Structures are given as C-alpha cells and as structure tokens.
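One structure below.
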Amino acid sequence: MAENEEIKALEEKTEVTETTEATEETVENKPTENKPVEDSGSKKNGDLSVLSDRELLIELLKEQKKASKRSLITAVSLVAIALIFGAAVLIIVPKVNATLNNAYQAIDNIEAVVANADKAIGSVEKSLDGIDKMVKNVDKVVVDNTDSVSKTVERMSSIDITALNKSIKDLSDIIEPLAKFFRR
C-alpha cells in the first residue's frame, strides 16, 4: 500500500514538472499583449496580487529555479564535505594506529627494562650478602692470625740475639777445621 502511495506521489511530481515545462514554453511563446499595467513598486514590495496569472507563473518558475540551484549547491557542498571528512579519516586513522602501536611497543620495552632492573637488583642484593659474609670471614681470619702473629713476635723478641750470634760463631769455628780436614 505504501508503494502505491509512493508511485502516485512520483506520478504527481512528474505531472507537475511536465506542466511546469509546458507552462514555460507557453509563457515564452505567448505574446505579452495582455499584460496589465504594473506598479513598479508592487513586485519589489512582494505584493503579487497585482500580477497576472502568467506573471505569477513566471515568478513561480524563477523561484523554483533558484530553489533547485540552492538545493544543487547544498548537495554538492555536502558531498564535498563528506569527501573531505572521508579523506581526513583515511589520512588520520593510519597515523593514529601507528602512533598507538609505537606507544604499545614503548610500553613493552619499558616493562622489559623494569623486569631486567628487578633481576639486576636481586643479583646485587645476593652479591652484597656474599660480600658481607666474605668480610666477616676476613675479619675472623685477621683476628685469628693476629693472635698467632703476636705470639710469634713475642717469642722472637725473647730470643737473645747476642747469644745466638756467639753460638753461630762458635759452631763456625768448630766446623771450619773439620771442613779443611775433609777437603784434602
């Protein structure tokens, strides 16, 4: 039923267009003898009651042409704007995607660096624990050896160097004749 109404509306539009075209041809071909005297100010002021049917049709046709030109200009403008927006979308969207991909990669790289830093901090902590143990062991060795070195130094200081030198000389005096005896 809606289709029938649409068809009727289209037929009426076609009839109006055909009638308008026929009227234009008639108006253009018709002599202008029957024109009443026009008040030059009546058209300018918008008073159309003084115009004849023919003049009214001419004015109506002019207005229809102006309206159709405005509609055409509006349609062309809308198409141009749509094309501009389409081109902008085609240009901007890939760049936005590339930027987002770069941002995601940067975030991934940062996460990897943070993970590596955590591992490094863990290994540094282990190294510091090992160094602490080593320093404690060195301290223990130094303390233990200090006691031994102190005892050794005490024993060496208790040795009588003069008596030792005299004993070495006496031994040398005894061995020297024996050495001469065996060399022969």
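Any read-out appearing in this document is the output of simple, stated calculations on the displayed coordinates, not a laboratory observation. Computed from a predicted model, the values in this text were never measured in an experiment.
For region 77-105 and region 124-184, write down the distance between their C-alpha centroids in whole Å.
88
With equal scatterers on the alpha carbons only and no solvent term, can you work out the Debye log10 of I(q)/I(0) for region 46-184 at 0.15, 0.21 1/Å?
-1.04, -1.21
Restricting to lysines 8 or more places apart or on different chains, can you count the pairs in region 48-183 with Cα atoms under 29 Å from each other?
For region 48-183, qualifying lysine pairs total 11.
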